[in-house]
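These notes concern the structure reproduced below.
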Amino acid sequence: MRPFPSPSGRVVVAPSVLSADFADLKRCLAPLRRLAGWMHFDVMDGHFVPNLSFGPGLLPAVAEASGLPVDAHLMVERPAMFVEPFAKAGASLITVHAEAEGAAACVSKIRKLGLKAGVSLKPKTPASKLAPFIGKVDLVLIMTVEPGFGGQSFMADMLPKVYEARYRISRGGRPAWLQVDGGINEATAAPCAAAGADSLVMGSALFRAPDPAALLRRLARSL
Ligand code: DX5
Ligand code: ZN
């Protein structure tokens with residue numbers, strides 16, 4: 001397991017594996033090594049979201065091909081059964097949804113295993129649901145699309161929630177990344193960063209770009 005970075009005031013991109021070329025992870029991910037903060041690994045169970053993705057079996061290949069720490073975003077109804085398998089597979093941080101069964105107990109379990117923990121909110125869940133998690137998590141993820149699929153449009157009406165989440169983190173006494181996920185591209189990145197986000201998940205906009213590394217360099221200059 002690679003050490004997960006602490007928030008530094010810098011805005012970093014977490015490329016989403018969901019949009020990468022699974023058949024050639026090395027070619028796809030290796031050029032991003034020095035430009036991305038870490039890799040984002042979307043796990044879907046067909047219950048919590050209406051889609052399936054991949055499980056812990058693929059994670060070591062992503063870590064190896066990218067040379068980066070991996071954050072596992074568990075979009076699953078019962079995250080407790082997956083915490084240990086993802087820890088064993090080498091995830092550096094595991095994010096569970098506040099709406100999922102036993103989310104608070106999962107955060108404790110993740111931390112006991114020596115990993116960083118995150119909590120995520122779906123678009124319809126208010127920022128007040130972060131209250132029991134602030135001070136205990138290392139990352140707060142605000143979904144800016146309905147979770148389940150890459151390539152959807154950014155929901156600009158989530159920006160006030162991003163701002164409120166940053167305020168809650170700043171009052172919570174424990175530094176935490178504020179991540180946004182869904183529809184992030186060169187146009188939507190700036191308002192998210194202005195609202196307090198310092199971790200931008202990027203899937204389709206990054207991997208469909210003619211030169212993903214150049215896109216990350218441009219973002220690093222502009223944010
Ligand atoms: C959606 C996932 C995202 C997805 C983002 O449920 O959580 O991480 O990969 O993809 P884009 O950047 O294409 O919206
Ligand atoms: Zn995600």
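Against the numbered list (1) away from ligand 1 (no atom under 13 Å from the Cβ); (2) closer than 25 Å to Val145 by Cα, Ser53 comes up short only at (1).
Among what's in the stretch 131-157 and is of a type in the set (A, V, I, L, M, F, W, C) and surrounded by fewer than 22 Cβ atoms within 10 Å (Cβ to Cβ), pick the residue that is farthest from ligand 2 (Cβ to nearest atom). Even if it seems obvious, please write down each step before you answer.
Looking only at the stretch 131-157, we keep the residues that are of a type in the set (A, V, I, L, M, F, W, C), and these are 131, 133-134, 137, 139-143, 145, 149, 154-156.
Now narrow it down to the ones that are surrounded by fewer than 22 Cβ atoms within 10 Å (Cβ to Cβ): 131, 134, 145, 149, 154-156.
Numbers: Ala131: 22, Ile134: 20, Val145: 9, Phe149: 10, Phe154: 14, Met155: 14, Ala156: 18 Å.
Checked the stretch 131-157; the qualifying residue farthest from ligand 2 (Cβ to nearest atom) is Ala131.
Please go through the stretch 195-211 and pick out each residue that is under 18 Å from the mean Cα position of the chain (by Cα) and either farther than 22 Å from Asp138 by Cβ or within 15 Å of ligand 1 (Cβ to nearest atom) (or both). Correct list: Ala197, Ser199, Leu200, Val201, Met202, Gly203, Ser204, Ala205, Leu206, Phe207.
The one condition from (1) open to solvent by less than 10 Å² (accessible area, probe 1.4 Å); (2) farther than 19 Å from Pro132 by Cβ; (3) not charged (D, E, K, R) that Leu178 does not meet is (2). If you go through the stretch 177-202 and keep only what is in contact with a Gly (Cβ under 9 Å, 6 or more places away or on another chain) and at positive phi, you end up with Gly182, Gly183.
Name the one entry in Lys112, Lys116 that is modelled with pLDDT of 95 or more, buried (at least 21 other Cβ atoms within 10 Å of the Cβ) and either basic (Lys, Arg) or out of contact with any strand residue (DSSP E or B) (no Cβ under 6 Å at 6 or more places or on another chain) (or both). After ruling out the rest, the residue left standing is Lys116.
The values are calculated or read from the model by the stated rules, or taken from the named source; none is laboratory data. Bear in mind that the values here come from a model prediction, so they are computed numbers and not experimental data. Using ideal geometry, Cβ is built from the backbone for each residue, glycine included, and neighbour counts are taken over all protein chains shown. These area figures cover heavy atoms from the full protein model, side chains too; ligands, DNA and RNA do not enter into them. Shrake-Rupley method; radii C 1.70, N 1.55, O 1.52, S 1.80 Å.
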